[in-house]
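Visitor: I have a structure here, written as structure tokens, and I will follow up with some questions on it.
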Amino acid sequence: MSTIAENIAKVGVRIREAAQASQRDFSHIGLLAVSKTKPADAIREAFAAGVTDFGENYLQEALDKQTQLSDLPVVWHFIGPIQSNKTKPIAEHFAWVHSVDRLKIAERLSAQRPAHLPALNICLQVNVSGEASKSGCSPDQLSALAHAVTQLPNLRLRGLMTIPEPTDDVTEQRAAFARLRELQQSLNLDLDTLSMGMSHDLEAAIAEGATWVRIGTALFGARDYSNS
């Protein structure tokens, strides 16, 4: 087994054990492999080991990889900050967008989604920790944004995403993820997705209801940003 395949197996065990500990169905938790800064060959290797969903932060890098991997039925997720001038290629080339944080971006994605493609799956990014450096709408803005997005054609609002302030304190990790779950419940919309948890805190996220865990380092090793 390659190192990537071994890592995928280890992460799979972590997800299963976390699901079991919180009495959740393992099949309801998706592994989203965060492949930013990693070469197409690494994605190909991970796909061969059973991973189908890959998350990218940088648009041009992602489009280049999509061209190189066009022979594989990869499900592509855009998970990075979105600039207005980048919405058209995102709308055209991704199945999921996890990082919508304002209505203008959602409106552009809806208008630019090609008619022959299914509705674009959307998660609204919420800044649960209130960090100035983090993207995401504030919890106070969430309800208005969510209800507006549900009215847009060509989009399917699936749920919420967050990247809380990093901490090694499991109680604090769980509190941040619980906040996102509670915010989603308060919307009273038919949503099925909580995109939360990364390599260092996936157990806490699963305990609080994560349906996608976004895992990069634990699968592919440390990232190389020299070419980003």
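The values are calculated or read from the model by the stated rules, or taken from the named source; none is laboratory data. Owing to the predicted nature of the structure, the values given are computational and were not obtained by experimental measurement. So basically every Cβ, Gly included, is an ideal-geometry build from the backbone, and we count neighbours across all protein chains shown.
Visitor: Just give me the residues in the stretch 166-192 being surrounded by 15 or more Cβ atoms within 10 Å (Cβ to Cβ), in a loop (DSSP other than H, G, I, E, B) and either at pLDDT below 95 or of a type in the set (S, T, N, Q) (or both), in sequence order.
Guide: Thr167
Visitor: If you go through the stretch 32-74, how many residues are polar (S, T, N, Q) and touching a Gly at 6+ places or on another chain (Cβ under 8 Å)?
Guide: Taking the stretch 32-74 as the starting set, the residues that turn out to be polar (S, T, N, Q) are 35, 37, 52, 57, 60, 66-68, 70.
When the remaining residues are screened for being touching a Gly at 6+ places or on another chain (Cβ under 8 Å), the result is 35, 57.
Qualifying residue count for the region: 2.
Visitor: For the structure I just gave you, tell me whether Pro153 is farther than 30 Å from Val13 by Cβ, touching a helix residue (DSSP H, G or I) at 6+ places or on another chain (Cβ under 7 Å) and outside any strand (DSSP E or B).
Guide: Numbers: farther than 30 Å from Val13 by Cβ: yes; touching a helix residue (DSSP H, G or I) at 6+ places or on another chain (Cβ under 7 Å): yes; outside any strand (DSSP E or B): yes.
Answer is yes for this residue.
Visitor: Could you tell me which numbered condition Val149 fails, if it satisfies all but one of (1) over 24 Å from Lys38 (Cβ atoms); (2) out of contact with any Leu (no Cβ under 6 Å at 6 or more places or on another chain); (3) not polar (S, T, N, Q)?
Guide: (2)
Visitor: Quick one: is Ser186 in contact with a Leu (Cβ under 9 Å, 6 or more places away or on another chain) and farther than 28 Å from Gln112 by Cα? Quick ask: steps written out before the conclusion?
Guide: Numbers: in contact with a Leu (Cβ under 9 Å, 6 or more places away or on another chain): yes; farther than 28 Å from Gln112 by Cα: yes.
The answer is yes for Ser186.
Visitor: Check the stretch 129-145 and report whether any residue there is hydrophobic (A, V, I, L, M, F, W, C), under 24 Å from Ala210 (Cα atoms), modelled with pLDDT of 95 or more and under 13 Å from the mean Cα position of the chain (by Cα).
Guide: Among the residues of the stretch 129-145, not one is hydrophobic (A, V, I, L, M, F, W, C), under 24 Å from Ala210 (Cα atoms), modelled with pLDDT of 95 or more and under 13 Å from the mean Cα position of the chain (by Cα), which makes the answer no.
This table checks each residue for (1) under 16 Å from the mean Cα position of the chain (by Cα); (2) part of a loop (DSSP other than H, G, I, E, B); (3) crowded, with 20+ Cβ neighbours inside 10 Å; (4) modelled with pLDDT under 95.
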| site | (1), (2), (3), (4) |
| --- | --- |
| Ala5 | no, no, no, no |
| Val11 | no, no, no, no |
| Glu17 | no, no, no, no |
| Leu32 | yes, no, yes, no |
| Val51 | yes, yes, yes, no |
| Gln60 | no, no, no, no |
| Asp71 | no, yes, no, no |
| His77 | yes, no, yes, no |
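Visitor: Continuing with the same structure: Among the residues of the stretch 193-228, write down those that are under 18 Å from Gln23 (Cβ atoms) and either assigned to a loop (DSSP other than H, G, I, E, B) or among the hydrophobic types (A, V, I, L, M, F, W, C) (or both).
Guide: Leu194, Gly197, Leu202, Ala204, Ala205, Ile206, Ala207, Glu208, Gly209, Ala210, Thr211, Val213
Visitor: Could you figure out which of (1) of a type in the set (Ser, Thr, Tyr); (2) part of a loop (DSSP other than H, G, I, E, B); (3) surrounded by fewer than 17 Cβ atoms within 10 Å (Cβ to Cβ) isn't true of Thr37?
Guide: Condition not satisfied by Thr37: (3).
Visitor: Among the residues of the stretch 112-159, write down those that are free of Cβ contacts under 8 Å to residues at least 40 places away in the same chain, of a type in the set (A, V, I, L, M) and within 18 Å of Gln184 (Cβ to Cβ).
Guide: Selection gives Ile122, Leu124, Ala144, Leu157.
Visitor: Got a number for residues in the stretch 1-38 being of a type in the set (Lys, Arg) and free of Cβ contacts under 8 Å to residues at least 60 places away in the same chain? Break it down into steps so the answer makes sense when it comes.
Guide: Within the stretch 1-38, the subset of a type in the set (Lys, Arg) is 10, 14, 16, 24, 36, 38.
The next check asks that each one be free of Cβ contacts under 8 Å to residues at least 60 places away in the same chain; those that pass are 16.
The total comes to 1.
Visitor: Still on this structure, please answer the following. Between Ser129, Ser195, Ser135, which is surrounded by fewer than 21 Cβ atoms within 10 Å (Cβ to Cβ) and touching a strand residue (DSSP E or B) at 6+ places or on another chain (Cβ under 7 Å)?
Guide: Details: Ser129 fails: touching a strand residue (DSSP E or B) at 6+ places or on another chain (Cβ under 7 Å); Ser195 fails: surrounded by fewer than 21 Cβ atoms within 10 Å (Cβ to Cβ).
When all the criteria are applied, what remains is Ser135.
Visitor: Something else now. Can you work out which of the residues in the stretch 97-111 that are touching a residue at least 40 places away in the same chain (Cβ under 8 Å) and either aliphatic (A, V, I, L, M) or part of a strand (DSSP E or B) (or both) is surrounded by the fewest Cβ atoms within 10 Å (Cβ to Cβ)?
Guide: Step by step, filter the stretch 97-111, then rank; the result is Ala111.
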